[in-house]
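**Student:** Structure provided below as structure tokens; questions to follow.
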Amino acid sequence: MSTYIVNPVEVRMKESSKGSIYQSIVAMGLRARQVNDQIKTQLTARMENVETDADESEGPNFDKLAISREFDILPKPIFIAMKETMDGKLTFRMNDDK
């Protein structure tokens, strides 16, 4: 379990300012989606820079495999969002539509 950014056993969910744990969960989910989109954009940009052979049936492209392995090592976006929440870096506000 030492590979996790946030240890699942020690997680204590922080309540939002209004006392709702569900608002915190929704905020972490939205932040995880943002992080995932950023990672996807970076991966796409890196893959575009790699030259591709016209005939890819000869074997795997080792440059693409190396880039893919780099991104496989990154922590899951939800763990990053949880860490930001625990560190107090993630803030959110609710619209009061009444």
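Computed from the coordinates by the stated procedures, all read-outs in this text should not be read as laboratory data. Since we're looking at a predicted model, the values are computed, not measured. Positions of Cβ are generated from backbone atoms using ideal geometry, with glycine treated the same way; all protein chains shown enter the neighbour counts.
**Student:** For GLN34, what is the net charge nearby, where nearby means another residue's Cβ is under 15 Å from its Cβ and Lys, Arg count +1, Asp, Glu -1? Provide the component values of the computation, followed by the final result.
**Tutor:** Numbers: positive: ARG31, ARG33, LYS40, LYS76, LYS83, LYS89; negative: ASP37, GLU84.
Every neighbour counted, the sum reads +4.
**Student:** Which of ARG69, ARG33, ARG46 has the fewest other C-beta atoms within 10 Å, and how do the rest follow up to the most?
**Tutor:** In increasing order of surrounding Cβ atoms, one gets ARG69, ARG33, ARG46.
**Student:** Given points 7 Å out from each Cα along the Cα-Cβ axis, report the ARG69 to THR44 separation in nanometres with one decimal.
**Tutor:** In this crude label model, ARG69 to THR44 measures out at 2.6 nm.
**Student:** Round to a whole angstrom and tell me the spacing of the C-alpha centers of the stretch 25-40 and the stretch 63-83.
**Tutor:** 14 Å
**Student:** Now for a different question. For each of ILE21, ILE80, count neighbouring Cβ atoms within 10 Å of the residue's Cβ, then give the residues from fewest to most. Kindly include the intermediate steps, with their values, before the conclusion.
**Tutor:** Working: ILE21 11, ILE80 22.
Going from sparsest to densest Cβ surroundings: ILE21, ILE80.
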